Amino acid sequence: MKTEIYELHSKNPEVRELNIIVNRLRNSEVMLYPTDTGFTLGCQLGNKAAIEKLRWIRKLSDKKSLTFLCNNLSNISEYANVSNLAYRTIRRLIPGPYTFILPATKLLPRLAMHPTRKTAGIRVPDCNISQSIISVMEEPIISISAKIDTESEEDYLYLEPDDIIEKFYNLVDIVVASDNYNFKGESTVIDMVSDNFKIMREGANLDEVVSLID
């Protein structure tokens, strides 16, 4: 099937288009879509064919764990073991540009967890479009940054929305665009496997995280 672009309203995404997108995701398709941290590649959680295609697009090995998006804290606790301290901290941060590394539960498909640590990388995005897709999907969706390999000193280059869409258009099945974007930058990654929280990557809203875990 030809790649389709669906332009959704940033505040009130159209229900008809959301249903079409979700049905295509359930048919093992891969999408490019906006979140609060930038454009992301995504697919249905646990869909082997779609995850394999996503890994191929981003040139990710099977040893690279995948992050996925949930729409609330109770959703997180289905797929990860959350300590009382982690629960209180996450509750104060979400929704937002944060990735929480937590011990995975048995409900999380093995394809989405870290192969050796058995952990999950989970986010609750502050973005109406990605939240709406999750709500209609009624399950989390995979979220891997849409990055471009470069030959410069930096590992990757982030491009403007139109450039990202043009670059990935022929690689994905679905492109989700919008009338407005509010990208905050890469997520701050917090290891919460134990109650001795560690910042694994400094990203957006770092000061808020530091003030909570110090």
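The values are calculated or read from the model by the stated rules, or taken from the named source; none is laboratory data. It should be emphasised that the depicted structure is a prediction, and the values quoted were computed from it without experimental measurement. Quick reminder, even Gly has a Cβ in these numbers, built from the backbone with ideal geometry, and neighbours come from all protein chains shown. What goes into the accessible areas is simple: the full protein's heavy atoms, side chains included, and nothing from ligands, DNA or RNA. Shrake-Rupley method; radii C 1.70, N 1.55, O 1.52, S 1.80 Å.
The table that follows gives values for the structure above.
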| quantity | calculated |
| --- | --- |
| Candidate set: the stretch 66-76, residues that are in contact (Cβ under 8 Å) with a residue 24 or more places away in the chain and open to solvent by 10 Å² or more (accessible area, probe 1.4 Å); chosen: the one nearest to G38 (Cα to Cα) | T67 |
| The stretch 54-65, residues that are in contact (Cβ under 8 Å) with a residue 24 or more places away in the chain and either in contact with a Leu (Cβ under 8 Å, 6 or more places away or on another chain) or over 20 Å from S187 (Cα atoms) (or both) | L54, I57, R58, K59, L60, D62, K63 |
| Lone qualifier among K106, K147, K198, K167 - being of a type in the set (D, E, K, R) and within 16 Å of the chain's Cα centre (by Cα) | K147 |
| Qualifying residue in the stretch 56-65 (condition: of a type outside the set (G, A, S) and crowded, with 21+ Cβ neighbours inside 10 Å) | no |
| Test set (1) at pLDDT below 95; (2) touching a Gly at 6+ places or on another chain (Cβ under 9 Å); (3) closer than 30 Å to T89 by Cβ - I141 fails condition number | (1) |
| Filtered residues of the stretch 89-101 (kept if assigned to a loop (DSSP other than H, G, I, E, B) and either more than 21 Å from G203 (Cβ to Cβ) or open to solvent by less than 10 Å² (accessible area, probe 1.4 Å) (or both)) | G96, P97 |
| Tally, over the stretch 102-136, of residues that are modelled with pLDDT of 95 or more, assigned to a loop (DSSP other than H, G, I, E, B) and either crowded, with 21+ Cβ neighbours inside 10 Å or aromatic (F, W, Y) (or both) | 3 |
| Looking only at the stretch 153-173, and only at residues there that are open to solvent by less than 80 Å² (accessible area, probe 1.4 Å) and out of contact with any Ser or Thr (no Cβ under 7 Å at 6 or more places or on another chain), the one that is modelled with the lowest pLDDT | L159 |
| Total residues in the stretch 186-213, condition closer than 23 Å to I133 by Cα and open to solvent by 30 Å² or more (accessible area, probe 1.4 Å) | 1 |
| Residues satisfying the stated conditions in the stretch 29-53, i.e. aliphatic (A, V, I, L, M) and closer than 21 Å to P97 by Cβ | M31, L32, L41, L45 |
| Within the stretch 31-46, considering residues that are open to solvent by 20 Å² or more (accessible area, probe 1.4 Å) and either farther than 16 Å from L18 by Cβ or not polar (S, T, N, Q) (or both), the one modelled with the highest pLDDT | T37 |
| Filter result for Y79 (among the aromatic types (F, W, Y) and in contact (Cβ under 8 Å) with a residue 24 or more places away in the chain) | yes |
